[in-house]
Amino acid sequence: MRHTLPLAPQFYVTAPQPCPYIDGRMERKLFTALQGEFAETLNDSLSKQGFRRSQNVLYRPSCADCTACLSARIDVSAFTPSRSQRRTLKRNAGMEREATSPWATEDQYSLFRKYLDARHAEGGMADMDIFEFAAMIEETPVRSRVVEYRQSAEAAPNRKRAPRNLAGVCLTDVLDDGLSMVYSFYDPDLVRQSLGTFMVLDHVEIAREAGLPYVYLGYWVPGSPKMGYKASFSGLEIYKNGEWQPIGDPESHSRDTHPLNVDPIAEQVAKINLPDTLPTDRRKG
């Protein structure tokens, strides 16, 4: 007789630390290790429940008195680029994409440092060295790709005889129902190119070509300037109250910061749906 044993990872909670999105708040994360033969299955399952991957860890915000962070994804079938986004696509028509295995390079790290110094000099990654960067890119137990963007020789004729500069990079996981943009960075000098938006638009196209229904964008925080751009994509869904739903009017999602609205950790873990992934064969004697 064939049975399946439920995958039962252990969940933990980080110590409180200052929230990077809402001043005066403290954040915690619920997390579990991502490893072993069934890492991809667990990643697929928990990504559908608002979790994100960082190297060999899956995490989800689990703050004591706030539920403002909402996981966001684009429904590819419902997406239509706005006029502004069509202009962004046109400006980047000469950008060439190359998807490779998750392997860190010096060019990537140089661009990463330039991006951090210009955009996130005070952020949690500001002191990341090349070895930590390599770990972020390469330590993945699931199907991941590094998607690089460079201007084509036609778009940059002065570079025909020289290596084309790296313009943008995205570390992307391939899930069973979509693409998860784990982390992206780009040349901050190319402001007019709107490369952050362009990479999201291009991932929508990659997902469409691959027949994948969603592009996962990470967390959207109502009212946060850092995360506001995500609400500009049509077809956006958010994971709220245990289910995915269209975002509707972004203004209708006020920051929920009442401590009585936050479930205890034990209840949060109990509500997580874990996949049955450990098949065993048992025969009667």
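The values are calculated or read from the model by the stated rules, or taken from the named source; none is laboratory data. In this text, all values refer to a predicted model and were calculated from it rather than measured experimentally. Positions of Cβ are backbone-derived with ideal geometry, glycine not excepted, and every protein chain shown enters the neighbour counts. Side chains are part of the model used for accessible areas, which takes the heavy atoms of the whole protein and leaves out ligands, DNA and RNA. Shrake-Rupley method; radii C 1.70, N 1.55, O 1.52, S 1.80 Å.
Selection over the range 67-112 of residues that are in contact with a Pro (Cβ under 7 Å, 6 or more places away or on another chain) and modelled with pLDDT under 95 gives a count of 2. When the residues of the range 113-127 are filtered to those that are more than 18 Å from the chain's Cα centre (by Cα) and modelled with pLDDT of 90 or more, the one that is least open to solvent (accessible area, probe 1.4 Å) is Arg113.
Checking each residue in the range 179-196 for being of a type in the set (S, T, N, Q) and over 17 Å from Glu148 (Cβ atoms) picks out Ser180, Ser194.
Here the condition is being of a type in the set (Ser, Thr, Tyr), touching a Pro at 6+ places or on another chain (Cβ under 8 Å) and touching a residue at least 12 places away in the same chain (Cβ under 8 Å); of Tyr239, Tyr229, Tyr219, Tyr183, it holds for Tyr219 alone.
In the list Ser152, Ser234, Ser252, Ser180, which residue meets the criterion of being modelled with pLDDT of 95 or more and surrounded by fewer than 21 Cβ atoms within 10 Å (Cβ to Cβ)? Answer to the check: Ser234. Scanning the range 198-207 turns up no residue that is small (Gly, Ala, Ser) and surrounded by fewer than 19 Cβ atoms within 10 Å (Cβ to Cβ).
Among residues that are on the phi > 0 side of the Ramachandran plot and either open to solvent by less than 50 Å² (accessible area, probe 1.4 Å) or in contact (Cβ under 8 Å) with a residue 60 or more places away in the chain (or both), Gly36 is included.
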